[in-house]
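Below is one structure; the comments refer to it alone.
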Amino acid sequence: MRSRRRVALCNLAACLPELDEGARQQLARAHFESVGMGLVELGMSWWAPASRLRGRLRVEGQEHLERVHAEGRGVLLVSAHFTSIDISGRLFVPGAPPMHVLYRHQNNPVIDYLMRRGRERIFAGTIARDDTRELIRVLRQGGIVWYAPDQAYTGKHSALVPFFGVPAPTNTATSRIARMAGAAVLPAFMERDLERGGYMARIHPPLEGFPSDDPVADTARIHSYIEAQIRR
């Protein structure tokens, strides 16, 4: 994965200039070790029996999600593509209200079938990432949708939004979706708990005053939460 290693090192240099080259190399190596863990966890999330996974997730802030859901409002659980997202989703779903997840079609039909089938077994449903109509419908009906707008994006509703102080091409649609659906936006992040073993989920309270009249400012606000989690 030499090309990916080069991208990782370039991003680390741009976003964490306070680190020297040796520290960035070490962090990049640790990241790809984490990617390897994620591949193993992917199989666990699809096929491991529930008895093997029970009790491996600790949750902070689930009361925020349950309170908004009980009010009948749709919920956008805004997160990011960290390497433990698949196993964390599998562990989180049994103790939470039913939720949908956005899904990107894979070019390889076998991988696409396995990923879609695996996630449909876990979640209440999958929504194609470009199917805004279905996303709005689920949210207006009071549904919960896991949503990760952190990947580079240059299409419609794109803007250069600061990320670690660097202008990054980003999808600003989170603000528009929340407004159209009347949905609450709750930042939510999953991580491995390497000290205790298992995994941790942290759900933040609903963002106050979101959406505003400025989608770029709203997106920068979400970036600040993702930055804080990356620094963790």
Computed accessible area, M1, all protein chains, 1.4 angstrom probe, square angstrom: 150
Label-point gap, in nm, between R67 and A30 - each point 7 angstrom along Cα→Cβ: 3.4
C-alpha center-to-center spacing [the stretch 33-47, the stretch 12-27] in angstrom: 26
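From the protein chains alone at 1.4 Å, what is the descending order of accessible area for V78, V7, largest first? Each step should come with its number before you reach the end.
On the way: V78 5, V7 70 Å².
Descending accessible area places them as V7, V78.
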Linear extension gain, R133 paired with M37, 0.36 nm per residue minus alpha-carbon span: 31.1 nm
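Calculate, in nm to one decimal, what S212 and S51 gain on full extension: separation in residues at 0.36 nm each, minus their alpha carbon distance. Walk me through the numbers before you get to the answer.
Numbers: separation 161, 0.36 × 161 = 57.96 nm, distance 4.41 nm.
Extra length available between S212 and S51 comes to 53.5 nm.
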Theoretical gain in end-to-end length, E120 to E18 [0.36 nm per residue, Cα-Cα removed]: 32.5 nm
C-alpha center-to-center spacing [the stretch 62-77, the stretch 129-176] in angstrom: 19
E60 accessible area, assembled protein chains, probe 1.4 Å, Å²: 90
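Please get the size of the charge dipole for the stretch 151-232, origin at its Cα centre, with Cβ charges of +1 on Lys and Arg and -1 on Asp and Glu, quoted in debye to the nearest 20.
Details: 9 positive and 8 negative charges, 35 e Å.
My answer is approximately 160 debye.
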MRE, 222 nm, helices only [DSSP H, n ≥ 4, -39500 (n - 2.57), over the chain, to nearest 500]: -15000 deg cm²/dmol
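The values are calculated or read from the model by the stated rules, or taken from the named source; none is laboratory data. From a predicted model like this one, the values you see are computed outputs, not experimental measurements. Every residue, glycine as well, gets a Cβ built from its backbone with ideal geometry; the counts of neighbours run over all protein chains shown. Just so you know, the surface numbers come from the protein's heavy atoms only, side chains and all, with ligands and any DNA or RNA stripped out. Shrake-Rupley method; radii C 1.70, N 1.55, O 1.52, S 1.80 Å.
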